[in-house]
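Have a look at the structure below, then the notes.
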Amino acid sequence: LLDAAAEFASHPGAQNDASAKELLDRFPLPALLGSLQTNADVPGLEDTVASCLERLFRTKYGASLIPQYASFIQAGLQANSETVRCLACKAVSSFLENLQIIDIYPLLLNCLLFGNEQTSAASLDAIKDIAQLPDGIKMIFPHIASTSSSLARIRILALIAKLYSLSISVASLVNDSNLLSLFEAEINNTSDMLTTLSALELLYELVESPHSPGILLKTKLLQLLTDMISDALVDSVLRSRAMLISGRLLSSVMGLLSAIDERLENTEECEIALEALGQIGASTQGASLLLTLVAMHVIESAFDRHYRGRQLAALHALGCICGVDRSDLNDNAEDSLRRLIYATASETPKLTPSGLLLSVLQQEPEIRLAAYRLIAALVARKWCLMEVCSNQEIITIVIDETQKNGMEARHLCCTAISKALSASNMLNDATAAGIAAKLQEAVRRGPYLVKREAQPVVMTAERF
């Protein structure tokens, strides 16, 4: 049996029904299941048979037999062996329609809370599958509760995060069931930093859901994050995670933005704060909000050469705000962006936006890559396009970048300028037309500036 199970479990690729039937003709399912209990002292038997059964249950033939042995799943979920419990958890997802879920779910929840890492993960997947049954979610929520163990509480939060991502209706049920208060309790828990950080990591996962802002902004969580960011006594790691979560939420609350903006003055946290602002600015709504409140500090940091890390983070954040990955802003936001950049330039020796852009293009490669990304977003505006085209040094750098790791970013920037120029009314000017021709040639040559297209050489004699 051990040899047959090992061969079946280690077979490369997916097993088919024929191989499953062949195995079960030699060793019926009761024999395989029974070996997990009666031969536990045989080295390697339990793990081998469990792996064999897991692959067997994935075949249609193997799956068709399990309803006759549904009691095994219930017994397996209560086994002392973590291997057997993990196998039983995985089996649940395959046979939901044939099981009495009302009897199985409490055992799954016990595996989630008290099993090892593999068993807990398997039970989490099974519970998520139950939640997608017509009446499954109604059964799950009443049984979720906080426990005394910090590990168990974090696993409950992981379950809530998984359920939250299923659909807007499930997310609403999570909120209506007051389950988000469990996140609030852990974030408020100042006695265990690791547990609080784990709760923040799971909240970060939860806010990835596209329907999270509309629901989460109605809870106390936003205020808790704002308080955490503003509190200088809170550990920097926790504040940093809170800022990133807030960025994902794209909050329209001025208090939150002000709290993050204050962190720009902290040299240890300013890069995370800028990243959070960049996440907010990735959406049109978020960018419009930033441009009326705190974007000036982002723009100033983007062209401040005194703090390289902060400048790099600010250039990327400003690129997000300017719309490198989305459509244009509304008129008020566009006007604010233009005024802020001109105002920043006027306070520097460069005096003009073109001078600012040239200054970042002349820095080291990593800064220059961020500058290409920013320029590609900015030149969609005519005022910036005119600034770029008025400075021949900018055009020269964009056309003739020689650093290998900057070639693709340079080409994208070159393409953006070329498209903007072609769509403008500037081509009537001879200088602009000349620049357009150079840009089109650079675009045609591709990222790595191929000098000319290869031409096949065929000698006359070779044709006969």
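The values are calculated or read from the model by the stated rules, or taken from the named source; none is laboratory data. Not measured: the values here are computed from a predicted model. With ideal geometry, Cβ positions are generated from the backbone for all residues, glycine too; neighbour counts draw on all protein chains shown. Quick note on the areas: whole protein, heavy atoms, side chains included, nothing else; ligands and nucleic acids left out. Shrake-Rupley method; radii C 1.70, N 1.55, O 1.52, S 1.80 Å.
Rounded to the nearest 500, what is the chain's calculated 222 nm mean residue ellipticity when only DSSP H runs of at least 4 contribute -39500 (n - 2.57) each, over all residues? Counting only the DSSP helices, I get -21000 deg cm²/dmol. Relative contact order for the chain: 6 percent, from Cα pairs under 8 Å spaced at least 6 residues apart, divided by residue count. Simple rule: put +1 on each Lys or Arg Cβ and -1 on each Asp or Glu Cβ in the chain, find the dipole, and look at Ile395, Cys320, Leu180; the Cα lying farthest toward the positive end is Ile395.
Taking packing as the residue-averaged number of other Cβ atoms within 10 angstrom, the listed peptides 73-84, 125-136 run from highest to lowest as 73-84, 125-136. Dipole magnitude for the range 145-234: computed about the Cα centre from +1 point charges on Lys and Arg Cβ and -1 point charges on Asp and Glu Cβ, it is near 240 debye. Taken along its three principal axes, the alpha carbon spread of the range 145-234 comes to 37, 29, 19 Å, from the longest extent down to the shortest.
The mean of 1/r over all distinct Cα pairs in the range 1-139, once inverted, gives the Kirkwood hydrodynamic radius of 15.2 Å.
Computed over the range 1-139, relative contact order equals 19 percent, with contacts defined as Cα pairs under 8 Å that lie 6+ residues apart.
In terms of packing, defined here as the mean over residues of other Cβ atoms within 10 angstrom, the peptides 114-124, 225-235, 315-325 line up highest first as 315-325, 114-124, 225-235. Projecting the Cα atoms of Cys270, Met426, Ala409 onto the charge dipole of the range 270-426 (Cβ charges, centred on the Cα centre) puts Met426 farthest toward the positive pole. The Kirkwood hydrodynamic radius of the chain, based on inverse pair distances between different Cα atoms, is 26.7 Å. Overall, the chain carries a charge dipole of about 1220 debye about its Cα centre when +1 sits on the Cβ of Lys and Arg and -1 on the Cβ of Asp and Glu, all other atoms neutral. Surface composition of the range 23-99: carbon and sulfur atoms hold 47% of the protein heavy-atom accessible area at a 1.4 Å probe.
Evaluated with a Cβ-only charge set (Lys, Arg +1; Asp, Glu -1), the range 307-394 carries a dipole of roughly 120 debye about its Cα centre, given to the nearest 20. Projecting the Cα atoms of Trp383, Pro67, Ser246 onto the charge dipole of the chain (Cβ charges, centred on the Cα centre) puts Trp383 farthest toward the positive pole. Taking every alpha-carbon pair under 8 Å whose residues sit at least 6 apart, the range 145-234 reaches a relative contact order of 28 percent.
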